[in-house]
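Notes to accompany the following structure.
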Amino acid sequence: MKYESWYWLPALAAPLVISMPGAYAVTYLTVEQAQQALFPGASEFSRLDIELTARQKKAIEERADVRVRNTKPAIWRVAAEGRQLGWFLVDRVLGKHEFITYAVALDTQGAVRGVEILEYRETHGGAVRKARWRAQFVGKGAEDRLELGRGIVNIAGATLSCKHVTEGIRRLIATFEEVLK
Amino acid sequence: MRVVVQAARPSSHRTQHVRARPLLGTIVEIAASGPSAVTAVERAFDAVTEVHRLMSYHDPESELSVLNREAAFGRVTVSSHTWTVLKTAQVLAKKTGGLFDITVAPALTSLGYLPRRTDFPRASGHGDWRHVELSPGFGVRFTRRVRIDLGGIAKGYAVDRAVEVLEEHGISTASVNAGGDLRVLGRDQRAVYVRRPSAPSELWPLIQITTGAAATSADYFRLRRWCGRRVTPLIHPRSRKPCPSGRSVTVLARDCMIADALTKVVHADPAEAGATLAAHSACALIVEETEGVCRFSVFDAADGRRWRETELLPVPAGQKVAG
């Protein structure tokens, strides 16, 4: 690697830092894309209309040791040519700093086949801040730059925790055990 | 400013395949462009999953758990991956005189950052990195009852592995980010941002890189209260006490494993870390914030590879700086 190939940004070299009140969000996959990614080849995704009863909610909470806030879980039964392949579940968690939508694929036995993050959003800020942030970069190529800043991709931040996603997955597995099995 | 804006231009015009999954206790994002991007990203995630499986402290089945359970009582053979990470950790520990130390696990457990593991033998209070013995043929033995955690280095290795796999699949433009451990590949200039310690939602553009790694360690997402004090998961290896909080350290280096590990060394002792940074041709930036005033210390080649302090003033939000 050539070390000339990276350099401090002018902003930093000339004692000046652009602060970006960043409300940023990134969408990795839509629900449909995630269905195809986690169950390639599946043809039927039928959304179940489930509302958890108080008893089921309590049972899931006890089993997973996580609170259940949404009593209408988004669950799809997945099949190909009439044969069931498993279940597809979408859930979202609100962490301290972030808002994450994710999808979990379970096989017919309830084992996790895959997990994909669908959407990640920092919860700070909002439309106003975002507009202000964008205003800092008017000019040539501003859109490109915004693109770069919006993902997690180029942020060398401190470790973001995925604790809430892990808890969420546990909750979905418990939901399978209580409701779908 | 114009340079930055224009330089950042090319990448978004190409179709990029980007996926994120919860792994390594964080969110791992892999982006690649090119005809084989879909398969390559999938295989890169497999590589990260493998590192996760081998080196997780939480998983009783991981090689790391086997080491913590058995290596104090005899030689344990590990995989080449775990070996590589242990070897790098030990070389760095030796070079820094113990400023990097993988045996701080008991301190992390007592602060609540790592779970209590009853299946591990009770840790001796007098062991450190010198009591982890590596022997040819991927053998590991603890000469005292130490307990190791690879949290300070394995994430960087996982990122390097992912990049390696992407390259094997013919990918030339890619980036892998495991919650702050970042490595990019390709010819495009990309701006890398860091978070402001006191307000992590504020992002600062830090550097332009084409190929290379950047790792940031800070505590703003992980501060805890412990016995009435605010503590951080960054443990000073010599005192075994938490490092001062409110500090963010970014290291730029050739590969991500080294960058990740060096952030811990800088946190422990910036002055002493200088020699090691220079030896790895690495650059570093410390952001410290006290009462709203940020202090920046930069370590790079520009000034004969030593620390220099710069007072930097953030531009008030809303002010136009580009164009």
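Would you please name the residue that is surrounded by the most Cβ atoms within 10 Å (Cβ to Cβ), looking only at residues in the range A:29-45 that are among the small types (Gly, Ala, Ser) and within 14 Å of another protein chain (Cβ to nearest Cβ)?
A:34
Return yes or no: is residue B:247 touching a strand residue (DSSP E or B) at 6+ places or on another chain (Cβ under 6 Å) and either among the polar types (S, T, N, Q) or farther than 22 Å from residue B:185 by Cα (or both)? If you could, list the steps in order and put the result at the bottom.
Details: touching a strand residue (DSSP E or B) at 6+ places or on another chain (Cβ under 6 Å): yes; either among the polar types (S, T, N, Q) or farther than 22 Å from residue B:185 by Cα (or both): yes.
So residue B:247 fits the description; yes.
State whether the residues of the range B:35-44 include one that is farther than 27 Å from residue B:207 by Cβ, modelled with pLDDT of 90 or more and buried (at least 19 other Cβ atoms within 10 Å of the Cβ).
The answer is no; no qualifying residue exists.
Restricting attention to the range B:155-168, does a residue exist that is surrounded by fewer than 24 Cβ atoms within 10 Å (Cβ to Cβ) and outside any helix (DSSP H, G or I)?
no
Spot the failing condition for residue B:237; the list is (1) touching a Lys or Arg at 6+ places or on another chain (Cβ under 9 Å); (2) more than 12 Å from every other protein chain (Cβ to nearest Cβ); (3) modelled with pLDDT of 85 or more, and only one is missed.
Just one mismatch for residue B:237, condition (3).
If a residue counts only when it is over 20 Å from the mean Cα position of the chain (by Cα), which helices (runs of 4 or more DSSP H) contained entirely in the range B:55-133 have at least 3 such residues? Outline the logic, then answer.
Values: elements: B:63-70, B:80-95, B:105-110.
Because the criterion is at least 3 residues that are over 20 Å from the mean Cα position of the chain (by Cα), the helices (runs of 4 or more DSSP H) in the range B:55-133 that meet it are B:63-70.
Can you tell me how many residues in the range B:129-154 are surrounded by fewer than 20 Cβ atoms within 10 Å (Cβ to Cβ) and either modelled with pLDDT under 85 or under 25 Å from residue B:256 (Cβ atoms) (or both)?
Narrowing the range B:129-154 to residues surrounded by fewer than 20 Cβ atoms within 10 Å (Cβ to Cβ): B:130-131, B:133-139, B:141, B:143-145.
If we keep only those that are either modelled with pLDDT under 85 or under 25 Å from residue B:256 (Cβ atoms) (or both) as well, we get B:134, B:138.
Total satisfying the criteria: 2.
The values are calculated or read from the model by the stated rules, or taken from the named source; none is laboratory data. Computed from a predicted model, the values in this text were never measured in an experiment. Glycine gets a Cβ as well: all are built from the backbone with ideal geometry, and neighbour counts include every protein chain shown.
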